[in-house]
Amino acid sequence: MNAAAGGGAPRAGGVGPTIPAGPGRKGAGGVLRRVEALAAVERLRDAVGIEPSLRDLGVDERDFLDALPQQALNAYEDQCAPAGPRMPVPDGTQALMRTAHHG
């Protein structure tokens, strides 16, 4: 049963229940506290077998760093970028991508 039909959160291979929800788990404003939300995402990532970083996926650091400036510029110049909540400024994008590589 899906969430729209009143069955609660959809479950993908039994992973859905790993995301905390419910009255006792919510912080101010009815949203999950940031730490709990991040922990839930990490549990979900682990449960479905996604590596925590690009390095862990086998992305070579030298190749990654060599391509990084152009990839950040590509994100900035992408025609869909203005539709996002923030423009992907190249310096910020590079910092985010470095974190994704190093974990």
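Please work out how much length the chain gains when fully extended from Ala100 to Arg86, using 0.36 nm per residue of separation minus the C-alpha to C-alpha distance, in nm with one decimal.
Result for the pair: 3.2 nm of gain on full extension.
Over the residues of segment 61-102, compute the C-alpha Rg and express it relative to 2.2 N^0.38 Å.
1.15
Each reported figure results from applying straightforward, stated rules to the coordinates on display, with no laboratory input. Predicted, not measured: the structure shown is a model, and the values here were computed from it.
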